[in-house]
Amino acid sequence: MNWYQISNKAEETADIYLYSEIGGMDITAESFVNDLKDLKAQNLTVHINSLGGSVFDGIAIYNALKDFDGKVTTKVEGIGASIASVIALAGDEIVMSDNSLMMIHDPYAMAGGTSEDMRKTAE
């Protein structure tokens, strides 16, 4: 199973389920965008329950959703964390369940090398 699923391709509103790691299982944002282009629906509902994942795949998905011609509703149904929280912000309407969670954090990096290398990274 992919990390996303699209259903109701020919209906007025298509449902997209992002219920796993963004960019996981060797599925790229390119696949997501190509599937999005094949939709016949006028509107989208994006259901989100994800801890995040690949920043670059997530940014591409965000931009594809922002470029969609119809109305995009994003629904955080469990957790929308890290890059999944950014994707949630692509909605024209953003809906969260009372018991759902959105987690936004500062970007982070990893460093290795000498103490000078780590100081440069920290700066």
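Solvent exposure of the stretch 83-123 amounts to 78 Å² per residue of accessible area, where only protein heavy atoms count and the probe is 1.4 Å. Per-residue ellipticity at 222 nm, computed for the chain from helices alone with -39500 (n - 2.57) per DSSP H run of at least four residues, works out to -8500 deg cm²/dmol. The trypsin sites (Lys or Arg not before Pro) of the stretch 61-123 meeting both criteria, a DSSP state outside H, G, I, E and B (loop) and at most 15 other C-beta atoms within 10 angstrom of the site's C-beta, are 71.
Looking at the chain alone, DSSP beta bridges between its own residues are antiparallel in about 15 percent of cases.
Using the Cβ-Cβ distance between residue 42 and residue 66 with R0 = 25 Å, the FRET efficiency computed as 1/(1 + (r/R0)^6) comes to roughly 0.95. Helix 55-67 and the longest principal axis of the Cα set of the chain meet at an angle near 30°. Once the cut-off is 26 Å, how many percent of the Cα-Cα pairs in the chain end up in the long-distance tail? Value for the chain (Cα pairs over 26 Å): 24 percent.
For the chain, carbon and sulfur atoms together expose 49% of the accessible surface, with a 1.4 angstrom probe and every protein chain in place. Within the stretch 57-109, the chymotrypsin sites (Phe, Trp or Tyr not before Pro) that combine a DSSP coil assignment with at most 11 other C-beta atoms in a 10 angstrom radius are 108.
The values are calculated or read from the model by the stated rules, or taken from the named source; none is laboratory data. Just so we're clear, the structure is a prediction, and the values are computed from it rather than from any experiment. Reconstructed Cβ throughout: ideal geometry from the backbone, glycine too, with neighbour counts over all protein chains shown. Quick note on the areas: whole protein, heavy atoms, side chains included, nothing else; ligands and nucleic acids left out. Shrake-Rupley method; radii C 1.70, N 1.55, O 1.52, S 1.80 Å.
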